[in-house]
Amino acid sequence: MSDSKRKTESSGSPPESTQDSTALDSGWGSEDLIDRIKDSADKLARDRSSRGDLKILSRALRELRYAFKVFSPYRNRRIVSVFGSARTAADDPSYEQAAQFGRAMAKQNWLVLTGAASGIMEAGHQGAGRENSMGLNIMLPFEQDANPVIAGDHKLVHMKYFFTRKLMFVKECDAVACFPGGFGTLDEALEVLTLLQTGKRDMVPVVLIDPPGQTYWQDFHHFVQKNLLADKMISPDDLSLYKMTHDSLEAVDEILRFFQNYHSMRYVEDRLVLRLLKAPTDSLLQQIQGDFGDLLAEDDFQVCKALDQEQDQPDLAHLPRLVFRFNRRSLGRLRQLIDTINGAVSV
């Protein structure tokens with residue numbers, strides 16, 4: 001797999017692939033962005049910003065810089081973020097499920113990224129093993145020491161702020177797996193769904209995993225249907241942004257199926273580019289034109305080669321593209337389109 005992560009956008013512009021490694025390989029070329037950071041620092045001085053505000057900005061920038069440095073060598077591998085309770089006991093069915101999930105993902109050469117603490121996080125790392133584990137630990141006054149699998153590893157980052165930690169969880173991942181958990185787990189899961197629904201994060205599979213016989217995520221789904229969907233606070237298509245299962249291996253299959261033909265996405269001006277492993281057949285393209293015309297702002301879906309604006313990612317130039325002017329109104333429908341592409345094309 002090439003080095004082309006689908007990352008979170010922090011500005012108002014549409015998301016696109018933002019791999020700094022490509023720029024580094026071609027002579028870097030990001031001096032203008034460094035200048036902007038310096039200019040912002042100068043403006044903070046002119047604004048006479050309070051020391052408290054400056055401490056937040058300074059710490060956040062240092063945390064993110066170090067985290068980017070740690071993750072940079074591993075951006076040539078897929079990463080799954082695993083969320084779940086730190087208080088889950090080792091004899092809990094969810095613990096074994098998380099360990100099984102981590103083990104299966106590591107066998108597929110994926111890295112397992114967790115909050116690095118105990119419970120579900122330790123289980124995911126235990127299954128994946130130290131070599132295939134990454135961690136983003138949050139510094140708390142209680143219950144958040146790094147688990148023994150990842151403790152002391154160079155792939156472990158300690159962070160003070162939840163917002164920088166959550167940014168890294170979402171920015172660096174290619175999939176999300178959620179096990180039962182407390183406020184933190186719900187916060188992380190809902191942030192991912194919010195970013196997907198609003199188009200602030202390129203599409204990734206989100207799997208909610210319940211132990212057999214338990215209904216944690218099923219109850220969440222019923223709440224969403226009863227309160228959000230029924231009151232028209234979300235659309236029916238938004239339910240496509242996540243999948244539920246009682247089987248951790250089924251969750252693995254769901255994630256791998258998402259990348260069966262779909263590779264990555266990028267916005268080029270007003271066009272959305274879906275990079276694929278294999279171009280859609282004429283019959284599939286005709287089906288897409290008929291079934292997903294509501295996604296078009298204008299024109300039709302087109303199958304083409306890499307666009308001129310994608311020259312900064314030469315390692316992806318060989319991949320065929322499905323290109324269209326996306327109205328950006330329904331990301332749930334976009335997920336359905338990706339599912340159709342994956343389900344219909346034999347790789």
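All but one of (1) of a type in the set (Lys, Arg); (2) surrounded by fewer than 19 Cβ atoms within 10 Å (Cβ to Cβ); (3) out of contact with any Asp or Glu (no Cβ under 7 Å at 6 or more places or on another chain) hold for Arg335; which doesn't? Status for Arg335: all satisfied but (2). Answer yes if at least one residue in region 262-284 is farther than 29 Å from Gln313 by Cβ and out of contact with any helix residue (DSSP H, G or I) (no Cβ under 8 Å at 6 or more places or on another chain), and no otherwise. Scanning region 262-284 turns up at least one residue that is farther than 29 Å from Gln313 by Cβ and out of contact with any helix residue (DSSP H, G or I) (no Cβ under 8 Å at 6 or more places or on another chain).
Quick grid of which residues meet (1) out of contact with any strand residue (DSSP E or B) (no Cβ under 6 Å at 6 or more places or on another chain); (2) assigned by TED's automatic domain parsing to the domain that holds Ala98; (3) free of Cβ contacts under 8 Å to residues at least 12 places away in the same chain:
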site: Glu254; (1), (2), (3): no, yes, no
site: Arg266; (1), (2), (3): no, no, no
site: Gln313; (1), (2), (3): yes, no, no
site: Ser330; (1), (2), (3): yes, no, no
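For the residues Asp300, Asp253, the requirement of being of a type outside the set (Val, Ile, Thr) and part of a helix (DSSP H, G or I) singles out Asp253.
If you go through region 307-340 and keep only what is among the charged types (D, E, K, R), at pLDDT below 95 and either touching a helix residue (DSSP H, G or I) at 6+ places or on another chain (Cβ under 6 Å) or in a strand (DSSP E or B) (or both), you end up with just Asp312.
Among all positions in region 121-130, there is no residue which is crowded, with 21+ Cβ neighbours inside 10 Å, modelled with pLDDT of 95 or more, within 28 Å of Leu57 (Cα to Cα) and in the same structural domain as Met203 (by TED's automatic domain parsing).
May I ask you to list the residues in region 123-138 that are among the polar types (S, T, N, Q), assigned to a helix (DSSP H, G or I) and in contact with a strand residue (DSSP E or B) (Cβ under 6 Å, 6 or more places away or on another chain)? Asn132, the sole residue that qualifies.
Note on region 76-116: residues that are crowded, with 22+ Cβ neighbours inside 10 Å, in a helix (DSSP H, G or I) and of a type outside the set (Gly, Ala, Ser) amount to 4.
The values are calculated or read from the model by the stated rules, or taken from the named source; none is laboratory data. Source: prediction; values computed, not measured. FYI the Cβ positions are ideal-geometry reconstructions off the backbone, even for glycines, and counts take in every protein chain you see.
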